[in-house]
Amino acid sequence: MEQYVIKGGNPLVGEVDIAGAKNAALAILAAAIMTDETILIENLPDVRDINVLLEAIAKIGAHVERIDRSVVKINGSTIGELSVDYEYIKKIRASYYLLGALLGKYKHAEVPLPGGCNIGSRPIDQHLKGFRALGAKVSILHGAIVAEAKELKGSHIFMDVVSVGATINIMMAASMAQGRTIIENAAREPHVVDVANFLNSMGANIKGAGTDVIRIKGVEKLHKTEYSIIPDQIEAGTFMFAAAATQGDVTVRNVIPKHLEATTAKLEEIGCQVEEFDDAVRVVANKRLRRTHVKTLPYPGYPTDMQPQIAVTLALAEGTSIVTESIFENRFKYADELSRMGANIKVEGNTAIIDGVQKLTGARVSAPDLRAGAALVIAGLAADGITIVDDIVYIQRGYESFEEKLRSLGAEIEKVSSEKEIQKFRLRVG
Ligand code: UD1
């Protein structure tokens, strides 16, 4: 089991390049199998979730050729299996995107039902409601979702909750349905737009992505394309909060500043200076930060995937902050770990009340999930002394070269896999 060992106290300073968006890439890779022609995808992040999905895609018979770390070619003409292994869905929920992709292309898909996960129960009723509205028969058989149709027919679908996954899954299937589909109350996240742009570059006819009404005119066939994935707004935001929490000066490069607006606004509110460039954002923190209130919301609101990172930063800010989580039910699991580092954080229902402290102190903590894990690393970077973060396998699901990038900004952080290595780090940093 690997861990991060961190000696905190260095302000992060410098420039860092942001990788492609994991959550866009997961859907785009699944959608790539919807044609029999070859798709080239660039700016792919080299993270565990992506690599697992590529394995799942190869396992159903598609040809997957990794050209280099960030480029892959996929050809779906050799798919022989319309059923995805449980092994993959267990590792990444997003393999459920193969449901929409396979159903759209072959009118038949079998994908194991994803279970709950660390941030709470995650129903997929809206995905299934959408497939049914398109005319698919959807049943649960032996723990798997089986969706099939003679033909898919466009429909008018009103989503009961704003769901990124359901919007994308329905958009994929509807792209190859007969006639027109309208998705109302659609998610507006940048990755929904990116998937729509990708599908359109394959010949789909999708309009309105990025608004809450998406209109799709089904086409019979999709074709080859070359596509570059948008930058990861959550990776970028994580480095922006790392700059804030360590009183640093960091420029995140290769980003779309518009996608970071909710994060930028909060950083300014708590006393950081944020400068926007065409494709970069600089965050400078040179005084003690101030309290604020924040509530997670669907885009363009403050992202739930940035909730632990702001909470950790507020743990060091002056005054009492309130962080409200409105998307997932169990996203404060890191609070106890943060308390062990000296934070004053109390969770009541979906709210965390944080009384800022002057300093955090290093401790041994464990990452409960992907984003909370990254947030605990930020806490370690800002804390006095040594922090050890266990279970970093969660962090590796979504951050490419996390420790290398942090080191390039002046952080003292190492990935280790034994107590002996931790000891060595302690001796080295003194
Ligand atoms: C995606 C992101 C995840 C992010 C989340 C919210 C990926 C791979 N993951 O997850 O990182 O935190 O968006 O921005 O892109 N819901 C239902 N029924 C459904 C579907 C969702 O009730 O059928 C609820 C969920 O429980 C949750 C809310 O809707 O409360 C939003 O979930 P959703 O947007 O679907 O999240 P994911 O697509 O799973």
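In the chain, what % of DSSP beta bridges are antiparallel (nearest 5)?
70 percent
Run the 1.4 Å probe and let me know the accessible area of VAL111, rounded to the nearest 10 Å².
Rounded to the nearest 10, the figure is 0 Å².
Among rounded, prolate and oblate, which fits segment 116-168 when a ≥ b ≥ c are the square roots of the eigenvalues of its C-alpha gyration tensor, a/c under 1.5 means rounded, and a/b larger than b/c means prolate?
oblate
Toward the positive end of the charge dipole of the chain, about the Cα centre and with charges on Cβ (Lys, Arg +1; Asp, Glu -1), which of LEU427, ILE310, ILE182 goes farthest?
Result: ILE182, furthest along the dipole toward the positive end.
Would segment 22-228 count as rounded, prolate or oblate if I go by the C-alpha gyration tensor, calling it rounded below 1.5 in a/c and otherwise prolate when a/b exceeds b/c, oblate otherwise?
rounded
Identify the trypsin sites (Lys or Arg not before Pro) of segment 144-207 meeting these criteria: DSSP loop state and at most 12 other C-beta atoms within 10 Å of the C-beta.
LYS150
Modelling each spin label as a point 7 Å along the Cα-to-Cβ direction, I'd like the GLU261/LYS207 distance in nm, to one decimal.
So the label points at GLU261 and LYS207 sit 2.3 nm apart.
Of THR167, GLY410, ILE395, which is farthest along the charge dipole of the chain in the positive direction, counting Lys and Arg as +1 and Asp and Glu as -1 at C-beta?
Checking the options against the dipole of the chain, the answer is THR167.
Note down the magnitude of the dipole of the chain about its Cα centre, charges +1 on Lys and Arg C-beta and -1 on Asp and Glu C-beta and zero elsewhere, to the nearest 20 debye.
580 debye
Per the Kirkwood treatment, what hydrodynamic radius in Å, one decimal, follows for segment 225-286 from the mean inverse distance over all distinct Cα pairs?
Hydrodynamic radius (Kirkwood, Cα only) of segment 225-286 equals 11.6 Å.
Could you tell me how far the Cα centroid of segment 18-74 sits from the Cα centroid of segment 352-430, in Å?
Answer, in whole Å: 29.
Find out how many positive minus negative residues lie around LEU44, taking Lys and Arg as positive, Asp and Glu as negative, among other residues whose Cβ is under 10 Å from that of LEU44.
-1
Among ALA149, ILE214, ILE378, pick out the residue whose Cα is farthest towards the positive end of the charge dipole of the chain, where Lys and Arg carry +1 and Asp and Glu carry -1 on C-beta, about the Cα centre.
Positive-end residue among those listed: ALA149.
Pick out, in residue order, every one of the trypsin sites (Lys or Arg not before Pro) in segment 113-143 that is DSSP loop and has at most 12 other C-beta atoms within 10 Å; say none if there are none.
Within segment 113-143, no trypsin sites (Lys or Arg not before Pro) qualify (loop, at most 12 other Cβ atoms within 10 Å).
Given a cut-off of 31 Å, name the pairs among LYS217/LYS266; LYS107/LYS333; LYS22/LYS59; LYS137/LYS221 whose C-alpha atoms lie farther apart than that in the structure shown.
Checking Cα-Cα distances, LYS217/LYS266; LYS107/LYS333 exceed 31 Å.
Per residue, what accessible area does the chain have, given a 1.4 Å probe and all protein chains present, in Å²?
Accessible surface, normalised per residue, equals 39 Å².
Could you give the dipole magnitude of segment 9-105 about its Cα centre, charging the beta-carbon of Lys and Arg +1 and that of Asp and Glu -1, in debye to the nearest 20?
Rounded to the nearest 20 debye, it is 300 debye.
Pulled fully out, how much extra length does the chain show between GLU269 and SER121, if you take 0.36 nm times their separation in residues and subtract their Cα-Cα distance?
So the extension gain works out to 50.0 nm.
Could you check how much of the accessible area of segment 22-228 is carbon and sulfur, as a whole percent, using a 1.4 Å probe?
Its accessible area is 48 percent carbon and sulfur atoms.
I want to check the label-to-label distance for ASP85 and ARG253. Put each point 7 Å from Cα in the C-beta direction and report it in nm to one decimal.
4.0 nm
Leaving ligands, DNA and RNA out of it, report the carbon-plus-sulfur percent of the accessible area of segment 310-410 at a 1.4 Å probe.
Carbon with sulfur: 44 percent of the solvent-accessible area.
Could you give the dipole magnitude of segment 22-228 about its Cα centre, charging the beta-carbon of Lys and Arg +1 and that of Asp and Glu -1, in debye to the nearest 20?
Value, rounded to 20: 400 debye.
Taking segment 191-291, which GluC sites (Glu not before Pro) meet the DSSP loop condition and have no more than 13 other C-beta atoms within 10 Å?
GLU220
Just check segment 44-135 against the gyration tensor rule for me: Cα atoms, a ≥ b ≥ c as the square roots of the eigenvalues, rounded for a/c under 1.5, and otherwise prolate or oblate depending on whether a/b exceeds b/c.
oblate
Which order, highest average first, do 348-357, 325-334, 400-409 follow once you tally other Cβ atoms within 10 Å for each residue and take the mean per peptide?
Sorting 348-357, 325-334, 400-409 by mean packing, highest first, produces 325-334, 400-409, 348-357.
Could you calculate the contour length gain from LYS150 to GLN358, that is, 0.36 nm times the residue separation minus the distance between their Cα atoms, to one decimal place in nm?
My answer for the length gained is 68.5 nm.
The values are calculated or read from the model by the stated rules, or taken from the named source; none is laboratory data. Bear in mind that the values here come from a model prediction, so they are computed numbers and not experimental data. Every residue, glycine as well, gets a Cβ built from its backbone with ideal geometry; the counts of neighbours run over all protein chains shown. Ligands, DNA and RNA are excluded from the accessible area calculation, which covers all protein heavy atoms including side chains. Shrake-Rupley method; radii C 1.70, N 1.55, O 1.52, S 1.80 Å.
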